[in-house]
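The values are calculated or read from the model by the stated rules, or taken from the named source; none is laboratory data. What you see is a predicted model; the values in this text were computed from it and never measured. Here the Cβ positions follow ideal geometry from the backbone for every residue, glycine too, while neighbour counts run over all protein chains shown.
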């Protein structure tokens, strides 16, 4: 079988100023995953490594660069699934970690559960030795500006995102 | 939202999806990403899917599993992705995007939104796109 990897960086707003950054980001992620596959790595590891690249890239809404909730805070979700055995792991409303996808893989591999959320996910991350980082480290200036704009009277973040991801 | 699907040299497939969610979302709001069959699904028998878009709509139609179902019935990744996104648009007026690979290594990146950033590598050939037609 010839290996294949496909990645996406979301279907949200494309700011023209950053368009090249989006393209470069998904290219880097795809090549990272493909490099893993070319070295006979598992599809599961390839998709995790590709998503880690995107989570670490501030252009994308995941990990560093995540959008903010109504309180101006980051809450992140992630899922990973292995087609060999239908094993899956996920986390939701997780804070203060850089790479939720890696935590999702640990949920899959180290617990009998499919999904850990919020405080439970954080406690599990700590128990697994995942470094805790201040949530502020995940917030970009662009995310903060978007959040502030959406707080203005009359703004409607739901309407403004129609037609986007 | 970001995601990846892959098939390795052993024919195993996998998917991964990660997100910060919706801008200014309610505290505790969880969308499709963390939900199996919505944010992603992978089964060696058929393929793997990762989704992005309006999370509540994706959850209503369990978009990733829906696309897998279409491939199970014989559709190509492209046909299955188009059928899944069309169903989500007509049934719940939801928009989104998907990346799909099947168990033969055929793949697609499709979206009903205005754009979706994607990239793919097969046979050492890198492809990338943002807008329809790329």
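Can you give me the number of residues within the range A:31-54 that are assigned to a helix (DSSP H, G or I), more than 15 Å from residue B:17 (Cβ to Cβ) and within 7 Å of chain B (Cβ to nearest Cβ)?
3
Would a scan of the range B:70-86 turn up a residue that is buried (at least 24 other Cβ atoms within 10 Å of the Cβ), within 14 Å of residue A:83 (Cβ to Cβ) and more than 10 Å from every other protein chain (Cβ to nearest Cβ)?
Checking the range B:70-86: at least one residue is buried (at least 24 other Cβ atoms within 10 Å of the Cβ), within 14 Å of residue A:83 (Cβ to Cβ) and more than 10 Å from every other protein chain (Cβ to nearest Cβ).
Counting only residues that are more than 7 Å from chain B (Cβ to nearest Cβ) and touching a helix residue (DSSP H, G or I) at 6+ places or on another chain (Cβ under 9 Å), how many does the range A:69-87 have?
Within the range A:69-87, residues that are more than 7 Å from chain B (Cβ to nearest Cβ) and touching a helix residue (DSSP H, G or I) at 6+ places or on another chain (Cβ under 9 Å) number 3.
Against the definition (more than 8 Å from chain B (Cβ to nearest Cβ) and touching a helix residue (DSSP H, G or I) at 6+ places or on another chain (Cβ under 8 Å)), how does residue A:3 come out, yes or no?
When the stated conditions are applied, residue A:3 does not pass them.
Based on this model, can you work out whether residue A:111 counts as within 23 Å of residue B:64 (Cα to Cα) and surrounded by fewer than 20 Cβ atoms within 10 Å (Cβ to Cβ)?
Considered against the rule, which asks whether it is within 23 Å of residue B:64 (Cα to Cα) and surrounded by fewer than 20 Cβ atoms within 10 Å (Cβ to Cβ), residue A:111 comes out as no.
Of the residues that make up the range A:151-162, is at least one within 18 Å of the chain's Cα centre (by Cα) and part of a loop (DSSP other than H, G, I, E, B)?
no
Matching residues to (1) farther than 26 Å from residue B:23 by Cα; (2) part of a strand (DSSP E or B):
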| site | (1), (2) |
| --- | --- |
| A:78 | no, yes |
| A:85 | yes, no |
| A:88 | yes, yes |
| A:97 | no, no |
| A:102 | no, no |
| A:107 | yes, no |
| A:120 | no, no |
| A:124 | yes, no |
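Report, by residue number, each residue of the range A:60-73 that is surrounded by fewer than 24 Cβ atoms within 10 Å (Cβ to Cβ) and part of a loop (DSSP other than H, G, I, E, B).
A:64, A:65, A:70, A:71, A:72, A:73
Hand me the list of strands (runs of 3 or more DSSP E) wholly inside the range B:93-134 holding 3 or more residues that are more than 14 Å from residue A:3 (Cα to Cα) and more than 7 Å from chain A (Cβ to nearest Cβ).
Qualifying strands (runs of 3 or more DSSP E): B:125-131.
Of the conditions (1) at pLDDT 95 or above; (2) at negative phi, residue A:156 fails just one. Which one is it?
(1) is the only condition that residue A:156 fails.
Name the single residue that is surrounded by the fewest Cβ atoms within 10 Å (Cβ to Cβ) among those in the range B:35-53 being within 7 Å of chain A (Cβ to nearest Cβ) and under 23 Å from residue B:114 (Cβ atoms).
B:53
Out of (1) touching a helix residue (DSSP H, G or I) at 6+ places or on another chain (Cβ under 9 Å); (2) surrounded by fewer than 24 Cβ atoms within 10 Å (Cβ to Cβ), what's the single condition that is false for residue B:26?
(1)
Take the range A:114-140 and flag every residue that is without any contact (Cβ under 8 Å) to a residue 12 or more places away in the chain and at positive phi.
Listed by number, the list holds a single entry, A:129.
Please list, ordered by first then second residue, the pairs with beta carbon atoms under 6 Å, 6 or more apart or interchain, first in the range B:10-34 and more than 7 Å from chain A (Cβ to nearest Cβ) and modelled with pLDDT of 95 or more, second assigned to a loop (DSSP other than H, G, I, E, B) and buried (at least 23 other Cβ atoms within 10 Å of the Cβ).
From residues that are more than 7 Å from chain A (Cβ to nearest Cβ) and modelled with pLDDT of 95 or more, the pairs are B:32/B:38; B:32/B:39.
Any chance you could count how many residues in the range A:126-135 are outside any loop (DSSP other than H, G, I, E, B) and more than 16 Å from the chain's Cα centre (by Cα)?
2
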